[in-house]
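Asker: Here it is: the structure, laid out below.
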Amino acid sequence: AQSVTQLGSHVSVSEGALVLLRCNYSSSVPPYLFWYVQYPNQGLQLLLKYTSAATLVKGINGFEAEFKKSETSFHLTKPSAHMSDAAEYFCAVSDRSLRANDMRFGAGTRLTVKP
Amino acid sequence: NAGVTQTPKFQVLKTGQSMTLQCAQDMNHEYMSWYRQDPGMGLRLIHYSVGAGITDQGEVPNGYNVSRSTTEDFPLRLLSAAPSQTSVYFCASSRLPRLGPSRDTQYFGPGTRLTVL
């Protein structure tokens, strides 16, 4: 079964610095990969998803992620952090079957942005 | 569209009490699901449904029941609440997967924060 591992439960950056949130996946078949963001006291919102087109995926709010098959990674980056980026971020994976219930989430990374 | 709505936002129960968490969506999505979110564990699937009258178990179904009488509604019932069920519960919906190089987005509700004493 597929799974994801998010490296680092907490990441702290200064405003204007690079944001890098790490996600490695395990899957026996080519996966679909997702990044979701959760702002305080809210539900999850899709940031971006990889579904086999370009390996560099651009999402909302200036975030992007690169699918690297050789490294089984799908790290999330943003060149310059903004205070409003403070949130919890979840990486998720699903396979390419027609089963709807196969999405698996990582444990989450809480991003803090310091002024 | 209101998207995915959940009620209540907060609930405190005593051990052994029962309650129903409500979830509704207005996007005509076939697929609906319930997750629980616990610190350090991400989201874990409790139950899901691929259409009215069809439900199935996810990773952590024990202690929970669901039903799907309409496309719009997918309530989650706790039959006899236990402290281990203290968590944040999210409902989500999406279209069913279709053949092709894509996967539809899951839309999440705002969550219900449940405390069982």
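Asker: How far apart, in nm, are two points set 7 Å out from the Cα along the Cα-to-Cβ line at B:Ala82 and at A:Thr72?
Answerer: Result for the modelled spin labels: 3.3 nm.
Asker: Right, something else. No solvent, one uniform scatterer per C-alpha: report log10 I(q)/I(0) for region A:43-115 via the Debye equation at q = 0.12 1/Å, two decimals.
Answerer: So the normalised log intensities are -0.37.
Asker: Tell me, what are the semi-axes, in whole angstrom and largest first, of the equivalent ellipsoid of the protein assembly as shown as set by the roots of 5 times the Cα gyration tensor eigenvalues?
Answerer: They are 29, 22, 15 Å, listed largest first.
Asker: Kirkwood hydrodynamic radius, region B:13-117, all distinct C-alpha pairs: what's the number in Å?
Answerer: For region B:13-117, the Kirkwood estimate is 14.1 Å.
Asker: Taking a quarter of the surface of the convex hull around the Cα atoms of region A:1-105, what do you get in nm²?
Answerer: Answer in nm², one decimal: 6.8.
Asker: Related question: Too long at a 20 Å Cα-Cα cut-off: which of A:Lys49/A:Lys69; A:Lys49/B:Lys9; A:Lys58/A:Lys78; A:Lys49/A:Lys78?
Answerer: Pairs exceeding 20 Å: A:Lys49/B:Lys9.
Asker: Exposure proxy check: B:Met27, A:Met103 ranked by fewest other beta carbons within 10 Å?
Answerer: Ranking B:Met27, A:Met103 by Cβ neighbours within 10 Å, fewest first, gives B:Met27, A:Met103.
Asker: Only Cα pairs under 8 Å and at least 6 apart count here; give the relative contact order of region A:5-115 as a rounded whole percent.
Answerer: Details: 262 pairs, mean separation 41.4, N = 111.
Here the relative contact order equals 37 percent.
Values quoted throughout were computed directly from the atomic coordinates according to the rules given, and no laboratory measurement underlies them. Computed from a prediction, not measured in an experiment: that's the story for all the values here. Here Cβ is always computed from backbone atoms with ideal geometry, including for glycine, and neighbour counts include all displayed protein chains.
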